[in-house]
Amino acid sequence: MAAYVLPVSQKFINGVPVPQGRKTLRLKEKYIILLVFVTFGLVCFGAFFFLPDLRDRVRLNNIRGVDEMMIPRRGIDKGQVIKHDDEHVHLNDEKLKFKEQVNRDVDIAKIGKKLNISEHDAANIKKSIDSEKEEMANLRKEEARRKAEEEKKKDRKVETEHEGGEGGQGGAPSDPEVKKKRDKVREMMKHAWDNYEKYAWGANELRPISKRGHSASIFGSLSLGATIIDAADTLYIMELMDEYQKARDWIATSFTFDGANELSAFETNIRFVGGLLSLYALTGDSMYKRKAISVADKLLPAFNTPSGIPQSMVNTKTGSARNWGWASGGCSILAEFGSFHLEFVYLSEISGNSVYKDKVMKIREVLNSIEKPNGLYPNYLNPRTGRWGQSHTAIGALGDSFYEYLIKSWLQSGKKDDLAKKMYDEAVQAIVDKLVKVSPGGLTYVAEYKSGRLENKMDHLGCFAGGMFALGAKYSDNEEKYLNLGAGISNTCHESYVRSETKLGPEAFRFDGNTEAKSIRQNEKYYILRPEVVETHFYMWRLTKEDKYRDWNWEAVQALEKHCRVDGGYTGVRDVYQSSPSQDDVQQSFFLAEALKYLYLTFSDDSLIPLDKWVFNTEAHPLPIQGANTVIEKKEK
């Protein structure tokens, strides 16, 4: 049959005809294409309207990979599923419900197959099993709730093992002017406490300007009520009994270290363990002992090192421990691992469990046996090798409380811990020979030793040393020498206060050129309610009875009221050399535990927390001296 060909114009190149393609379709081809389209349309129409709905016949137990088949809300990027945004909670709920349905259907299928019964019967059995599981779970929850409630009731009920140590309250001065000053400090404590209770109850600390809770990294991520535990013994000593009772009730019913939380082992020991042990010693309340044991047990994993020197940070849930990332070569810090002795020895004494004392005696053995460069203790020690880190010695930050724990451990033991006394005497002798200096203006200070050279700088933290030298003077080979050294340090630290515009001392001060007892660096000019200067004045008052020390602490009270008191409590300041400094909006827990306690005791008679019956840990929590502080036996009712 002849084909119908469309006419085309022939092209020639160099006289040779060039083949041409057709530009239109033949009629037969058009019919075929039209038929294909019509057929496709009919198939789609029939499928849409006439095919049965099979959705209800899809067996969920045949579905696999539920997570994989969930459609991501935001699609796929480079082969990676983009997860649902956290705020789309309803989508997550739907996904969970869908997964539960899948799991339930799978379980029903397994039951039916295993028992060779119908799906309907399997579903009934599954329902019965689920019901029994839910009932058992509810019973377990109820039992746990009942036990927890019983523990709370047990702790709410005050069960005393003794009636407290000697001199825990009282001490009102006979001089009305001194009493007025003591009452003022008591009022300051109430102002600080009431605002914490109002705006930050249960939080670690208070932001007194923004009036909300505050927490530092040393406390980890949980609200542990650090201010409550730190302040409770101060409340008791000041006889603020309504406030004390509320603190006691919170500790009994709400304080817990449950949950994952990485925190400072040192700070937890001096604030929490020390605070709880002090409360037990003051009141005899056995609840405090139980709580102290529970906290100390959380810290024990930090001691699991080849040398026995504990690490700085511990996770209270996992038991993992590590050192601060900024510390020299992964080292532990002298002031931190050297400040467990007072608390752990007393805890072993009252609990009958030697594990706590064993841990700190191991530290003592390591420090006694290791060679000290120039007789000085560097601030860093590697817990794996038992060797010193970089050569840096200071009685301020990183070193401070280690030294006071030596003399206080000897006192705490009833003067029986001879090794502690030996180590203290040798350390003090090296400090006096190598670090104690007198400025051209006649100010005595303790310099820092760094890599073979002296840095003529002293920290506010180091101002505690005046009280320490004075406390140990009576038991030294030259009482007058060390009492004068304590007086010199006390005077220098007072000068760091009076040479500022606010009459508050900076974080650190220097003795370079014409600079004496003043900060020259901006990052050293702040004051965060630290207690070390008023602490030394307190000791000097108790040991010398020179009125100037009471006067100096009263000056500190006035400066605190002028520059740190706000409607919501007390705050630190950022520059003590400005007449109207900006404020940091943090009421540190140690302000209530230490600063206000030492100020109150300065204006009290010596019968309140007498130094021959109590020693203060580095957070100002008083612990009893063995053999000297006879607890008042519990009266039989």
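Note on Glu166 and Arg104: the model spin-label points, each 7 Å out from Cα along the C-beta direction, lie 7.2 nm apart.
Cross-link partners of Lys317 among aspartates and glutamates, defined as those whose alpha carbon lies under 20 angstrom from its own and excluding same-chain residues fewer than eight positions apart: Asp258, Glu262, Glu267, Asp297. Solvent exposure of the range 291-418 amounts to 35 Å² per residue of accessible area, where only protein heavy atoms count and the probe is 1.4 Å.
For the listed residue pairs Lys181/Lys562; Lys157/Lys289; Lys180/Lys211; Lys291/Lys597, the alpha carbons are over 19 angstrom apart in Lys180/Lys211; Lys291/Lys597. With both labels modelled 7 Å from their Cα along Cα-to-Cβ, the Ile129 to Lys141 distance reads 2.2 nm. Taking packing as the residue-averaged number of other Cβ atoms within 10 angstrom, the listed peptides 301-312, 332-343 run from highest to lowest as 332-343, 301-312. Entry note, the range 231-341: relative contact order of 25 percent, from Cα contacts under 8 Å with a spacing of 6+ residues. Semi-axis lengths, largest first, of the ellipsoid equivalent to the range 331-442 are 26, 17, 12 Å, with √(5λ) applied to each eigenvalue of the Cα gyration tensor. Applying 0.36 nm per residue to the separation of Ser118 and Ser221 and subtracting their alpha-carbon distance, the gain on full extension is 31.8 nm.
Modelled this way, with points 7 Å down the Cα-to-C-beta line, the labels at Leu34 and Arg384 are 8.6 nm from one another. For the range 529-540, backbone phi angles converted through the Karplus equation (6.51, -1.76, 1.60; θ = phi - 60°) give residue-by-residue couplings of 6, 5, x, 4, 6, 5, 4, 5, 4, 4, 4, 5 Hz, Gly and Pro being listed as x.
Calculated FRET efficiency, Asn374 to Lys548, Cβ-Cβ distance, R0 = 41 Å: about 0.70 to the nearest 0.05. A simple rule links phi to the HN-Hα coupling: the Karplus curve 6.51 cos²θ - 1.76 cosθ + 1.60 with θ = phi - 60°, which for the range 328-344 gives 4, x, x, 7, 8, 10, 3, 4, 7, 6, x, 10, 10, 4, 4, 5, 6 Hz, with x for Gly and Pro. On the beta carbon distance between Arg574 and Ala628, with R0 = 51 Å, the FRET formula returns roughly 0.70. Charges were assigned to the Cβ only: +1 to each Lys and Arg, -1 to each Asp and Glu. The resulting dipole of the range 213-284 about its Cα centre is roughly 60 debye.
Just how far, in whole angstrom, is the range 372-447 from the range 336-362 if you go by their alpha carbon centroids? So the two Cα centres are separated by 20 Å.
Between Val432 and Val355, full extension at 0.36 nm per residue minus the direct alpha carbon distance yields a gain of 24.2 nm.
For a 18 Å ceiling on Cα separation, which of these pairs sit above it: Lys503/Lys525; Lys298/Lys613; Lys437/Lys545; Lys357/Lys408? Listed pairs above 18 Å: Lys298/Lys613; Lys437/Lys545.
Working from Cα pairs under 8 Å separated by at least six residues, relative contact order for the range 268-319 is 26 percent. Contact order for the range 195-276, expressed relative to its length and based on alpha carbon pairs under 8 Å spaced 6+ residues apart, stands at 29 percent.
The values are calculated or read from the model by the stated rules, or taken from the named source; none is laboratory data. Since this is a predicted model, take the numbers as computed values, not measurements. Here Cβ is always computed from backbone atoms with ideal geometry, including for glycine, and neighbour counts include all displayed protein chains. Surface areas here come from the heavy atoms of the whole protein model, side chains and all, with no ligands, DNA or RNA. Shrake-Rupley method; radii C 1.70, N 1.55, O 1.52, S 1.80 Å.
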